[in-house]
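The values are calculated or read from the model by the stated rules, or taken from the named source; none is laboratory data. Every value quoted in this text rests on a predicted model; they were computed, and no experiment measured them. Cβ: placed from backbone, ideal geometry, glycine included. Neighbour counts: every protein chain shown.
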Amino acid sequence: TPKESNESSKQEQSKIDKDGTENSVETSEEMIRKRIRRNTPSPHRLTPQSSPPRFVSVEELMETAKGVTNMALAHEILMNSAFQVKPYEPEEGSLEKRVKEIMHKAFWDCLESQLNEDPPSYSHAITLVGEIKETLLSFLLPGQSRLRGQIKEALDLSLIQQEAENGALDISKLAQFIIDMMGTFCAPCRDEDIKHLREITDIVPLFKSIFAVLDKMKIDMANFAVSSLRPHLLQQSVEYEQKKFQEFLQKQPNALDFTKKWLQDTSDYVTGGATCTPNSAQLPLTIHNHAYLRLLKWDHDTEAFPETLLMDQGRFLEMQQELEQLALVASVLLIVYNSAGEAISGLPGLMERLKKTIKILLAEMHTRSFKADEAFAAVAEKLCVELRGCLSQHGFSPFPSDRENTLKGQIVAVKSADNPIRKVIDSRIQTYLLGFLESSALRCAPALPGGLTPIGKELEEIAVKLERLVTFNKLVYSLFYHKILQDILNQGKSLDVVPGFHIL
């Protein structure tokens, strides 16, 4: 059967894996495990341990790993509104895919051969009906007893076997009942698939198509379950993640080393003269908010990410890259509008066209193939062409060649991280995000600093995502953070709990 073929394919693939020639199937849970492993710092970058390691059994480690994996999966479902279960397909041309195709073809050829016998043999077909019956029953809710009874009665395998032995089995009638039931259970997006099934007359292609649509329906059901689960996860996930992380911490006492370093370094920055020292009552909150901002400037290749935020490292990296691009967009637009002055100020649609051009040309800026010199030269050239046409259209004289060349040079210079204009824009972005975190309890967004208006919408969207991540992270790990900050700021002395610290 297709199920047995899949199992055989997986067993065969498992043997291949042991020989080191191919990778095994990746489930959603395995993908989460890979993310955790990928985000876990390599051993040669570990900081000195704060206490001696405690030896644990393999069973304890396996149980702990399972708990962390489940926690990561629940966290992903909660924090990623676009999270979906997706069907796994082997890579094109891979050995796994070839094995799967060969075994499936052999099965369907055997089924066709049986049905073409005289009289027809239905042993394979009845096995398929049994699998379909199990799948249809799995779609039912506990209270749908009437449908359950209909399916069990119509797909009674012992009765079907007797009909086959007596030459009275109508396989087309069975298939029609199955399709009708699938139409009852399926999501609206599968209506076309059901319609296509009704048009197939040959039994073998029909059963192949039925199984293909059932696989899609299983994914639909899984994603429906995920969406239904999300509101309940929101209520319970804080306590759940706290519990799981505490269990992990008991097995791995040094599991907060990087978190301690992250907060210690931030404390040194905040209290070391780089910024004005806030009053002592607000100092823990200030350190904490600055610490989250540091994650948007993180060197992910060389710095170990805090353990309490490993599951969100990819999200912080994504925001970091978006902010870098927005800073460049705002810097270039500031240069262009300061250079052109009133000639283009207030022209409808111009700023959006310029912004779109810049973003398109810098879209690959975080890929290895990106060539900064060529990209920024192209930005400068495109914007000058746009300005030339705009000035001419509105009755202004075009820029002299020397002024245009100066503008191009200023635009190209923005590619440097030390460019003064870029540094000012970046500083204002950080100020805005910090203000957003500090004002989150009041539910009022801070004013947008000068020069950031062109990217205001995108910046607010990132700030909202950041605030949601920070809020949830503080809810889960506030007890751990409070203890660490006690040690940092008071050298072991008690620190009064700041009102709101646990929930901001």
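Structure above, values below:
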item	result
The listed residue being among the β-branched types (Val, Ile, Thr), surrounded by 15 or more Cβ atoms within 10 Å (Cβ to Cβ) and within 30 Å of Leu469 (Cα to Cα), out of Thr357, Thr308, Thr367	Thr308
Failed condition for Glu192, given (1) within 35 Å of the chain's Cα centre (by Cα); (2) part of a helix (DSSP H, G or I); (3) surrounded by 13 or more Cβ atoms within 10 Å (Cβ to Cβ)	(3)
Residue check for Asp220: surrounded by 15 or more Cβ atoms within 10 Å (Cβ to Cβ), at pLDDT 80 or above, of a type outside the set (A, V, I, L, M, F, W, C) and over 30 Å from Leu115 (Cα atoms)	yes
Qualifying residue in the stretch 358-378 (condition: at pLDDT below 95, hydroxyl-bearing (Ser, Thr, Tyr) and either in contact with a strand residue (DSSP E or B) (Cβ under 8 Å, 6 or more places away or on another chain) or in a helix (DSSP H, G or I) (or both))	no
Of all residues in the stretch 223-255 being assigned to a helix (DSSP H, G or I) and small (Gly, Ala, Ser), the one that is nearest to Asn116 (Cα to Cα)	Ala225
